[in-house]
């Protein structure tokens, strides 16, 4: 329940997170309560086990990849700032944001950044290319044991063929964007907050 | 000097005991209500309403942070996997030659995963429910800051009343009630088997539970008493805390089912079974499903024995939802009498978070709450229909209870409180997704994928 949860989050922190992620004050306090309730060890940071404890996430075929996205390279703990930064990718895009100050940098929830998040789900070794092996690995996670290796192989080959424009048998980020240019990323990769 | 202070203490104690006995225990045993609890609850309701108004007024001046969101934090799409992925693919130029996979399929799993990180249906069931407005107990004080002097004074008064007046009273009652149970049942156990013995045994059980109910300042309302469980049947109810037993047994006698414990619990269990048959298991026996089923069947077959009381969830849930019912009790072939119990969290949170509090701290928390107010609905009896299996029957009963109590009907297992979720659920998801890819393959390749 976190009886002192909201008091551990200082106003300055909330303001900083607001600026960085664009979440509102009430959304930040709500998400802090959630962070606190997931943090069983009560040490201000979440580990991979804390995420695995969510049953709906544990049964998600891509659960492990999604959890990985929260942890920066080589680290085992994510603090609240990191948690919010990752969740910020899924904030819906509001119209009035499109006219904001361009020098402020691209917001975390821009279409580009949403696509980058999805790209990184496939690009396991972070070399900015989705190789055939990486694609196969993710496909295997999604289908389990229900499709044979050969079958999966031809699906992977076809997908790469479709997307690959420069002939390097890999999908780069720009090729990824091109293939998915008609997909409504803003809607499909956003979470609708009720408040 | 020493002598007189001890005498004084003794006199005070005697007066105290006679007041308690005369005004509470005796009426309780005869099922007579002197109306104290009702008055108390009415006064409480007025006080809490007043406090709520003051708090709301105070909050309007600050940044209004909604403390309690009954519908959750986020709005989720209700579509199935097929619908959602179908929508994703609609905007993507499909190549007809290949199997039906597109890179944007991952978006579906990604979004679902992130949604479950922000808010999921299961983990929230194992902690106490959040209140819409503060009920002047420190333990529920989440987002409510200092409001005004008056609210703080009332809160302080509340602390004094609860800890210094109500707590000693309640502890006395609980001790009296349990001692009465142990002594009474042991004495009755000495009698030979007869109708008189059963009648006295029932009386002792009911009076003990009535005293215990007073010990919690419980105000229970029973609905549809005509559906009260009958002998030879099994009563199933949703489980929130050990207090459920007191709540239900106030209105009738049940045969309890459970594991034999050591210590005080064990003493109580062993004396109870001397006067009337309960179904206690050794820990080793619990693992053997057939042995358990056999004992339950034997008990149910004997029409002179009281109906069995079982909580099929197997663990305490926080009274906002009903989780998976274990099918064991639904396989016996007896008539099931479903009962829905709903506590009003405003007066005291009855949920036992066994990971956080042990039994003693839990009982102390119960006895320092305002009161336990709850509603009990007896639902019409249900039995296994033709061609129905135990799992389906269990789900049917679960839905009926959830509907009556206004609780969320979940298929998740209450055991997830402590254990990991079964791999088979993930495998189901994978199978579903695979059928979406397989389905559109050209025929010569379809033979390859039969794994």
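The values are calculated or read from the model by the stated rules, or taken from the named source; none is laboratory data. Note that the structure is predicted; figures quoted are calculated from it, not measured. Virtual Cβ from ideal backbone geometry, glycine too; neighbours counted across all protein chains shown.
Within segment A:168-195, restricting attention to residues that are in contact with a strand residue (DSSP E or B) (Cβ under 6 Å, 6 or more places away or on another chain) and in a loop (DSSP other than H, G, I, E, B), which residue is farthest from residue A:89 (Cα to Cα)?
Filtering segment A:168-195 for residues in contact with a strand residue (DSSP E or B) (Cβ under 6 Å, 6 or more places away or on another chain) gives A:170-172, A:191-194.
With in a loop (DSSP other than H, G, I, E, B) added as a condition, the list becomes A:170, A:191, A:194.
On the way: A:170: 25, A:191: 9, A:194: 17 Å.
Top of the filtered list is A:170.
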message: Which numbered condition in (1) more than 9 Å from every other protein chain (Cβ to nearest Cβ); (2) in a helix (DSSP H, G or I); (3) over 20 Å from residue B:429 (Cα atoms) is the only one that residue A:161 fails?
response: (1)
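Would you confirm whether any residue within segment B:217-238 is on the phi > 0 side of the Ramachandran plot, at pLDDT below 90, assigned to a loop (DSSP other than H, G, I, E, B) and surrounded by fewer than 23 Cβ atoms within 10 Å (Cβ to Cβ)? Quick ask: steps written out before the conclusion?
Step one: of segment B:217-238, the residues on the phi > 0 side of the Ramachandran plot are B:217, B:224, B:232.
Subset that is at pLDDT below 90: B:217, B:232.
Okay, now just the ones that are also assigned to a loop (DSSP other than H, G, I, E, B), so B:217, B:232.
Restricting the remaining residues to those that are surrounded by fewer than 23 Cβ atoms within 10 Å (Cβ to Cβ) gives B:232.
Yes, because at least one residue in segment B:217-238 is on the phi > 0 side of the Ramachandran plot, at pLDDT below 90, assigned to a loop (DSSP other than H, G, I, E, B) and surrounded by fewer than 23 Cβ atoms within 10 Å (Cβ to Cβ).
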- prompt: From B:114, B:73, B:55, which residue is touching a strand residue (DSSP E or B) at 6+ places or on another chain (Cβ under 8 Å), at pLDDT 70 or above and either surrounded by 13 or more Cβ atoms within 10 Å (Cβ to Cβ) or more than 7 Å from chain A (Cβ to nearest Cβ) (or both)?
  reply: B:73
message: Could you check segment B:388-433 and list, in sequence order, the residues that are in a loop (DSSP other than H, G, I, E, B), free of Cβ contacts under 8 Å to residues at least 60 places away in the same chain and within 9 Å of chain A (Cβ to nearest Cβ)?
response: B:420, B:421, B:422
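Here's the yes/no breakdown for (1) at pLDDT below 75; (2) facing chain A (nearest Cβ under 9 Å); (3) part of a loop (DSSP other than H, G, I, E, B); (4) under 30 Å from residue A:161 (Cβ atoms):
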{"position": "B:64", "(1), (2), (3), (4)": "yes, yes, yes, no"}
{"position": "B:68", "(1), (2), (3), (4)": "yes, no, yes, no"}
{"position": "B:86", "(1), (2), (3), (4)": "no, no, no, yes"}
{"position": "B:95", "(1), (2), (3), (4)": "yes, yes, yes, yes"}
{"position": "B:99", "(1), (2), (3), (4)": "yes, yes, yes, yes"}
{"position": "B:106", "(1), (2), (3), (4)": "no, yes, no, yes"}
query: Has segment B:363-376 got any residue that is over 12 Å from the mean Cα position of the chain (by Cα), under 19 Å from residue B:410 (Cβ atoms) and either surrounded by fewer than 19 Cβ atoms within 10 Å (Cβ to Cβ) or touching a residue at least 12 places away in the same chain (Cβ under 8 Å) (or both)?
result: no
- prompt: When segment A:144-158 is examined, which residues are found to be in a helix (DSSP H, G or I), buried (at least 16 other Cβ atoms within 10 Å of the Cβ) and touching a residue at least 12 places away in the same chain (Cβ under 8 Å)?
  reply: A:152, A:155, A:156
- prompt: Looking at (1) more than 10 Å from chain B (Cβ to nearest Cβ); (2) farther than 30 Å from residue B:425 by Cβ; (3) modelled with pLDDT under 90, can you tell me which one residue A:15 breaks?
  reply: (3)
message: I need a count of the residues in segment A:39-96 that are within 8 Å of chain B (Cβ to nearest Cβ) and exposed (fewer than 15 other Cβ atoms within 10 Å of the Cβ).
response: 0
- request: Answer with yes or no whether residue B:128 is crowded, with 18+ Cβ neighbours inside 10 Å, facing another protein chain (nearest Cβ under 8 Å), in a loop (DSSP other than H, G, I, E, B) and at pLDDT below 85.
  value: yes
- request: Considering (1) part of a helix (DSSP H, G or I); (2) without any contact (Cβ under 8 Å) to a residue 60 or more places away in the chain; (3) under 30 Å from residue B:182 (Cα atoms), say which one residue B:290 fails and leave the rest.
  value: (3)
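Yes/no per residue for (1) touching a helix residue (DSSP H, G or I) at 6+ places or on another chain (Cβ under 9 Å); (2) within 26 Å of residue B:180 (Cβ to Cβ); (3) crowded, with 17+ Cβ neighbours inside 10 Å:
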site	(1), (2), (3)
B:285	yes, no, no
B:307	yes, yes, yes
B:313	yes, no, yes
B:322	yes, no, yes
query: Scanning for something at pLDDT below 75 and surrounded by 15 or more Cβ atoms within 10 Å (Cβ to Cβ), does segment B:25-44 turn up at least one residue?
result: yes
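Go through segment A:159-176 residue by residue and tally those that are in contact (Cβ under 8 Å) with a residue 24 or more places away in the chain and surrounded by fewer than 16 Cβ atoms within 10 Å (Cβ to Cβ).
Start the filter on segment A:159-176 by keeping residues that are in contact (Cβ under 8 Å) with a residue 24 or more places away in the chain, which leaves A:159-160, A:168-173, A:176.
Cutting the leftovers down to surrounded by fewer than 16 Cβ atoms within 10 Å (Cβ to Cβ) gives us A:168-169.
Looking only at that region, the number is 2.
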field: Subset of segment B:390-403 [surrounded by fewer than 20 Cβ atoms within 10 Å (Cβ to Cβ) and closer than 16 Å to residue B:240 by Cβ]
entry: B:402
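For every residue, the table says whether it meets (1) surrounded by 19 or more Cβ atoms within 10 Å (Cβ to Cβ); (2) in a helix (DSSP H, G or I); (3) modelled with pLDDT of 85 or more; (4) more than 23 Å from the chain's Cα centre (by Cα).
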| residue | (1), (2), (3), (4) |
| --- | --- |
| B:124 | no, yes, yes, no |
| B:133 | no, no, no, no |
| B:146 | no, no, no, yes |
| B:155 | no, yes, no, yes |
| B:168 | no, yes, yes, yes |
| B:181 | yes, yes, yes, yes |
task: Answer yes or no: is there a residue in segment A:126-138 that is buried (at least 18 other Cβ atoms within 10 Å of the Cβ), within 9 Å of chain B (Cβ to nearest Cβ) and within 17 Å of the chain's Cα centre (by Cα).
output: yes
statement: Per the filter on segment A:140-156, residues within 7 Å of chain B (Cβ to nearest Cβ) and within 26 Å of the chain's Cα centre (by Cα) are A:142, A:143, A:144, A:145, A:155
query: Of the residues that make up segment B:189-198, is at least one touching a residue at least 24 places away in the same chain (Cβ under 8 Å) and assigned to a loop (DSSP other than H, G, I, E, B)?
result: no
